[in-house]
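Participant: Quick one: the structure is below, and I'll ask about it shortly.
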Amino acid sequence: MNEVPRQERFESEVPAFPAGHPSVAFGRIGVLLLNLGTPDGTGYWPMRRYLKEFLSDDRVIEEPKWKWWPILNLIILTTRPARKGRDYATIWNNERNEGPLKTITRSQAEQLTLRLGNDPRIVVDWAMRYANPTTESRILALKEQGCDRILLVPLYPQYAAATTATACDQAFRALTKMRWQPAVRTLPSYHDHPAYIEALAQSMRAQLATLDFEPEKIIATFHGMPEKYFKAGDPYHCQCQKTSRLLREKLGVSEERWMTTFQSRFGNDPWLQPYTDMTIERLAKSGVKKIALVAPGFSADCLETLEELDRENRHIFETNGGEKFAYLRALNDSGEGMDAIEAVVRRELSGWI
């Protein structure tokens, strides 16, 4: 969001500053939407910078530095940027020259601004954990606009150390550099919040009604993680399962017709199972002809949904005998999606507004 001009900033009605004291804006409340990130371009070097920052995060790759450094720098960062850049190019927003995750997150912030507009103290902004706009730059912008209280809103319905925690870590790093820190709250997971489940159900009903077929199987697919993270105490797997169950029950779909799977595995360690791609291949080979995929864990469509699910997994299904395939888009900046975001944000702003 654009910075508010100095003359428009909210200040105390009678600031008691001594002569010569610099003007200080205060008394506003910041709401900072946080998402994963997207490269600044699809070329080799923007992709390499993005992947290096992402895959150097200790929350994402929990391996000893001595073991991971040569793998990352000598293998992955020499081969993966070009390939992933081609994948990003298939979904790139050429009009804005940015990835769809950035386009959607910006729109979510703009729409939330309108929804919270009845309180002039509130300033909504957005940032990315990796690449731009950086979390630090937007926290500083909020502070400059007079926000002495900030709600951090990681847009991950299910908590994971590699997503929610690292987004908050990055915000806390920025705070360590500030002399006058704002008071900070962090939005907890909302995997079972009624407004979120209702938004998913409404979105799915509307999209299923537009299909020219009735899916034999509906797959709720979530981003995966190594099994060892789950065994170390990460609650992500359990929260995904609860979201899936609540959504199935809300829609009135039978257990036999509904499946929960995990996608986007990376490396050789076992990840959360069943794997989405292998499940889709098995279903197609077993004679299932019509399926629909939904990704409830993604607040916005991105590479993992638009390219991996809607392209790669569609190809897997169709080349193994499947005939009808649908990817049901994420909540994004839809009315239903914004209803859910507004509900959880208002809950966490209680006492401040």
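Participant: Among the aspartates and glutamates, which fall within straight-line cross-link reach of K143, defined as a Cα-Cα distance under 16 Å, with same-chain neighbours fewer than 8 residues apart omitted?
Facilitator: Cα-Cα hits under 16 Å: E3, E8, E11, D125.
Participant: Here is a further query. So what's Rg/Rh here for the range 34-184, counting alpha carbon atoms and using the Kirkwood radius for Rh? Walk me through the numbers on the way to the answer.
Facilitator: On the way: Rg = 16.9 Å, Rh = 16.9 Å.
My calculation of the ratio gives 1.00.
Participant: Could you calculate the contour length gain from E136 to Y44, that is, 0.36 nm times the residue separation minus the distance between their Cα atoms, to one decimal place in nm? If you can, show how the numbers build up before the last one.
Facilitator: Working: separation 92, 0.36 × 92 = 33.12 nm, distance 2.54 nm.
Going from the current span to full extension adds 30.6 nm.
Participant: How compact is the range 251-353 by the rule of thumb for globular proteins, expressed as Cα Rg over 2.2 N^0.38 Å?
Facilitator: Values: Rg = 16.8 Å, N = 103, 2.2 N^0.38 = 12.8 Å.
Computed over Cα atoms of the range 251-353, the ratio equals 1.31.
Participant: At a 10 angstrom cut-off on C-beta neighbours, averaged per residue, how do the peptides 255-265, 86-96, 175-185 rank from highest to lowest? Each step should come with its number before you reach the end.
Facilitator: On the way: 255-265: 17.4, 86-96: 13.9, 175-185: 12.0.
Final packing ranking: 255-265, 86-96, 175-185.
Participant: What is the sum of charges around A165, taking Lys and Arg as +1, Asp and Glu as -1, for the other residues whose C-beta is under 15 Å from the C-beta of A165? Could you put the intermediate results ahead of the total?
Facilitator: Details: positive: R59, R129, R173; negative: D57, D58, E62, D169, D234.
Result for the local shell: -2.
Participant: Sequence neighbours fewer than 8 away in the same chain don't count; with that in mind, list the lysines whose C-alpha is under 21 Å from K228.
Facilitator: Partners within reach: K65, K67, K242.
Participant: Please list, by residue number, everything in the range 247-287 whose backbone N is under 13 Å from a paramagnetic label point 7 Å out along Cα→Cβ of L211.
Facilitator: 253-254, 257-259
Participant: Then there's this: Rounded to a whole number, what is D in µm²/s for the range 158-233 from Stokes-Einstein with the Kirkwood radius over alpha-carbon pairs (37 °C, 0.692 mPa s)?
Facilitator: Translational diffusion coefficient: 201 µm²/s.
Participant: Further question: Given q = 0.20 Å⁻¹, what are the Debye log10 I(q)/I(0) values for the range 194-328, with equal point scatterers placed on the Cα positions and solvent ignored?
Facilitator: So the normalised log intensities are -1.27.
Participant: What translational D, rounded to a whole number of µm²/s, comes out for the range 44-89 from Stokes-Einstein when the hydrodynamic radius is the Kirkwood one over Cα pairs, at 37 °C and 0.692 mPa s?
Facilitator: Values: Rh = 10.8 Å.
Stokes-Einstein gives a translational diffusion coefficient of 303 µm²/s.
Participant: Give me Rg over Rh for the chain, both radii from the alpha carbons and Rh done the Kirkwood way, two decimal places.
Facilitator: Looking at the chain, the ratio lands at 1.00.
No lab work stands behind these numbers, since they all come straight from the coordinates. Nothing here was measured: the structure is a model prediction, and the numbers come from that model. Don't worry about glycine lacking a Cβ; one is built from the backbone with ideal geometry, like all the others, and counts go over all protein chains shown.
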